[in-house]
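Engineer: Just dropping this structure here.
The values are calculated or read from the model by the stated rules, or taken from the named source; none is laboratory data. Because the structure is predicted, anything quoted here is derived from the model rather than measured. Neighbour counts are summed over all protein chains in view; Cβ atoms, including those assigned to glycine, are modelled from backbone coordinates with ideal geometry. Protein only, heavy atoms only, side chains kept; ligands, DNA and RNA dropped before computing areas. Shrake-Rupley method; radii C 1.70, N 1.55, O 1.52, S 1.80 Å.
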Protein chains: 2
Amino acid sequence: MIENYNEYKKMIDEHLMDCIPAVAPISSTLYEAMKYSLQAGGKRLRPVLLLASCEFAGGDSRKAIPYACALEYIHTYSLIHDDLPAMDDDELRRGKPTNHMVYGPGIATLAGDGLLNTAFEVMYKNLFLVFDDPAAMKRGIKAAYAIAKGAGVGGMVAGQVADLEAENTEQGSNELLEYIQLNKTGALIRAAVEAGLYLGGADDEMMEHMLSYAENLGLAFQIADDILDVRGNAGELGKNTGEDAKNDKLTYVSLNGMDASQQRLHELTQNAVDAIADYYDNAIFFRELVLNLEKRTY
Amino acid sequence: MIENYNEYKKMIDEHLMDCIPAVAPISSTLYEAMKYSLQAGGKRLRPVLLLASCEFAGGDSRKAIPYACALEYIHTYSLIHDDLPAMDDDELRRGKPTNHMVYGPGIATLAGDGLLNTAFEVMYKNLFLVFDDPAAMKRGIKAAYAIAKGAGVGGMVAGQVADLEAENTEQGSNELLEYIQLNKTGALIRAAVEAGLYLGGADDEMMEHMLSYAENLGLAFQIADDILDVRGNAGELGKNTGEDAKNDKLTYVSLNGMDASQQRLHELTQNAVDAIADYYDNAIFFRELVLNLEKRTY
């Protein structure tokens, strides 16, 4: 198994554009707008998790690349739509003007739609490669379905709606916040791990441990992000800090303060590490990933 | 084969809401916003075409219902996004306020995203029902892939981008217009027929004839729509007429005048009828469908 985050990331970056189906020349604007946001940087956390989970379960990560790219298309579409004037109205993302600042909100909406659709198109297309192997077809369908559920109305979209509604409510609660975080960011991170495990052919026990890891990682990731929005350096983060407070966003920090947030992040990190403790050295990659996340916030 | 459009339409209307995956109660807004547009009326042309094509090829239309619903989710999402202030900025659709007029543009954007995602989620879920039947799995994958391609960046989304861009150009051409119409409306209508034929197990010859029918139907449908925007009665249509001219929309009527448009509609109708002439009485349903479309415009 590859132990290096950046090796996985390189696999994604190399294939992210050529997985997109050919777009007729007259729609070069659409292609350019999609490409702009796909290539605006980003950690590629979700696709890396998918590839690593696939290998962890004994699969070949190269065959999982289309699924990994699909996850990044979905994540990128969600950022483009989140940034729209009708939603968070953000002007800067990863150190660059947001999609709608460059292409206008109409094209940005469609670039997001195009990316979401492309994710599924790519995953269906990939199933044709295993048409003579029903077992592989089933693994692919399970993986794609996990991604669809994570991205959809019982996952990410539900979280985005709750997040948007929470901006207009007087008082937030930790219950509402956890619902938002489990769905808005957590569901797709969980789906990344789940899909990778299906593709790699994991057994039920590994599935259970790793999904517990993924859920804690997802929550930790969001709290780390909230902490960095207060403490971070805009130049390093590539986005304006203090945006959450400006937008009256419901975050763990705004509800519980910085100390409690750092404490909660530590707990979640520990839960994630504990969930995969049985795998000892085989799970170094996943352990380092969540520990580094916590370190980033000091 | 069912010969009656409304019987197919009833099958869709009955299942359109229960195909949507359960949405947690906290996101009732999302569910309500999706439901609002799904139940705002509509002809259900695309899902009806899918069910009828499935039966025409010898399949069981009841098993095709999830795919038919998926098409209607995709069509509905495209209308919600098209109507947004960032796009066409329409206030009325099918005689009712558009989604964003009721729920605001943020929720409307997410309701559209949710519907697009749900379409794919439902089609994946349906594949689990045929896990022990690799041939049925392949038919389902081919159908879903046809729908994904029709909806995506080589189909409907490309047409929407070109349409949006055409509003800001000085001079339109018939080439550009045909590109827009083939993609913006044509691609999903073609995909409806293609997916239905795959599900029903059509042979190559039937596929060829029916896709030629579908392409001519798609173009005819769009020109009929353009004619009705000039000539129609707002009350009967459930939307404001004269909107195309007001928005400087590129349409066949605006480019070529009313007489040439009626003539072109007649040609396309005849092409569609000719494409399925070999099937005599077996194709009555499809022949009537396109002939009634032309009649509506007199």
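Engineer: Does the stretch A:44-62 include one or more residues that are within 14 Å of chain B (Cβ to nearest Cβ) and touching a residue at least 60 places away in the same chain (Cβ under 8 Å)? It would help to see each step written out before you state the result.
Structural biologist: Taking the stretch A:44-62 as the starting set, the residues that turn out to be within 14 Å of chain B (Cβ to nearest Cβ) are none.
Within the stretch A:44-62 (the criterion being within 14 Å of chain B (Cβ to nearest Cβ) and touching a residue at least 60 places away in the same chain (Cβ under 8 Å)), the answer is no, since none of the residues qualifies.
Engineer: Suppose we keep only residues that are within 9 Å of B:ALA192 (Cβ to Cβ) and open to solvent by 10 Å² or more (accessible area, probe 1.4 Å) within the stretch B:45-62. Which one would you say is nearest to the chain's Cα centre (by Cα)?
Structural biologist: Ranking the candidates gives B:ARG46 first.
Engineer: State whether one or more residues within the stretch B:109-117 are of a type in the set (Val, Ile, Thr), more than 20 Å from B:ARG62 (Cβ to Cβ) and crowded, with 18+ Cβ neighbours inside 10 Å.
Structural biologist: Scanning the stretch B:109-117 turns up at least one residue that is of a type in the set (Val, Ile, Thr), more than 20 Å from B:ARG62 (Cβ to Cβ) and crowded, with 18+ Cβ neighbours inside 10 Å.
Engineer: Using beta carbons and a limit of 8 Å, which pairs, at least six apart or on different chains, have the first residue in the stretch A:117-143 and more than 7 Å from chain B (Cβ to nearest Cβ) and the second one outside any helix (DSSP H, G or I)?
Structural biologist: Correct list of pairs: A:VAL122/A:CYS19; A:VAL122/A:ILE20; A:VAL122/A:PRO21; A:ARG139/A:GLY201.
Engineer: In addition: If A:MET101 passes every condition in (1) more than 9 Å from chain B (Cβ to nearest Cβ); (2) under 20 Å from the mean Cα position of the chain (by Cα) but one, which one does it miss?
Structural biologist: (2)
Engineer: Another question, then. Taking the condition open to solvent by 10 Å² or more (accessible area, probe 1.4 Å) and either assigned to a helix (DSSP H, G or I) or of a type in the set (Lys, Arg) (or both), does B:ALA68 pass?
Structural biologist: no
Engineer: Moving on. Within 19 Å of the chain's Cα centre (by Cα) and either within 12 Å of A:ASN216 (Cα to Cα) or not acidic (Asp, Glu) (or both): which single residue out of A:VAL290, A:VAL273 fits that description?
Structural biologist: That would be A:VAL290, the only listed residue that is within 19 Å of the chain's Cα centre (by Cα) and either within 12 Å of A:ASN216 (Cα to Cα) or not acidic (Asp, Glu) (or both).
Engineer: Looking at the stretch A:185-210 only, could you name the residues that are open to solvent by 20 Å² or more (accessible area, probe 1.4 Å), in a helix (DSSP H, G or I) and among the aliphatic types (A, V, I, L, M)?
Structural biologist: A:LEU199, A:MET206, A:MET207
Engineer: Can you pull out every residue in the stretch A:87-102 that is touching a residue at least 60 places away in the same chain (Cβ under 8 Å), in a helix (DSSP H, G or I) and surrounded by fewer than 23 Cβ atoms within 10 Å (Cβ to Cβ)?
Structural biologist: Answer for the stretch A:87-102, where residues must be touching a residue at least 60 places away in the same chain (Cβ under 8 Å), in a helix (DSSP H, G or I) and surrounded by fewer than 23 Cβ atoms within 10 Å (Cβ to Cβ): just A:VAL102.
Engineer: Inspect the stretch A:20-34 for any residue being touching a residue at least 12 places away in the same chain (Cβ under 8 Å), more than 14 Å from chain B (Cβ to nearest Cβ) and either more than 25 Å from A:LEU219 (Cα to Cα) or touching a helix residue (DSSP H, G or I) at 6+ places or on another chain (Cβ under 9 Å) (or both) and give the result as yes or no.
Structural biologist: No, the conditions are met nowhere in the stretch A:20-34.
Engineer: Look at the stretch A:144-168 and say how many of its residues are farther than 15 Å from B:MET137 by Cβ and touching a residue at least 60 places away in the same chain (Cβ under 8 Å). Break it down stepwise before answering.
Structural biologist: Pass one, the stretch A:144-168, residues farther than 15 Å from B:MET137 by Cβ: A:146-168.
Then drop every residue that is not touching a residue at least 60 places away in the same chain (Cβ under 8 Å), which leaves A:147, A:151, A:156, A:160, A:163-164, A:166-167.
Summing the residues that are farther than 15 Å from B:MET137 by Cβ and touching a residue at least 60 places away in the same chain (Cβ under 8 Å) in the stretch A:144-168 gives 8.
Engineer: A further question follows. Do you know which residues across the stretch A:274-298 are surrounded by fewer than 18 Cβ atoms within 10 Å (Cβ to Cβ), part of a helix (DSSP H, G or I) and of a type in the set (Phe, Trp, Tyr)?
Structural biologist: A:TYR279, A:TYR280, listed by residue number.
Engineer: Taking the stretch B:211-227 as the search range and keeping residues that are open to solvent by 10 Å² or more (accessible area, probe 1.4 Å) and in contact with a Lys or Arg (Cβ under 7 Å, 6 or more places away or on another chain), which one is farthest from B:LYS295 (Cα to Cα)?
Structural biologist: Within the stretch B:211-227, the match that is farthest from B:LYS295 (Cα to Cα) is B:LEU211.
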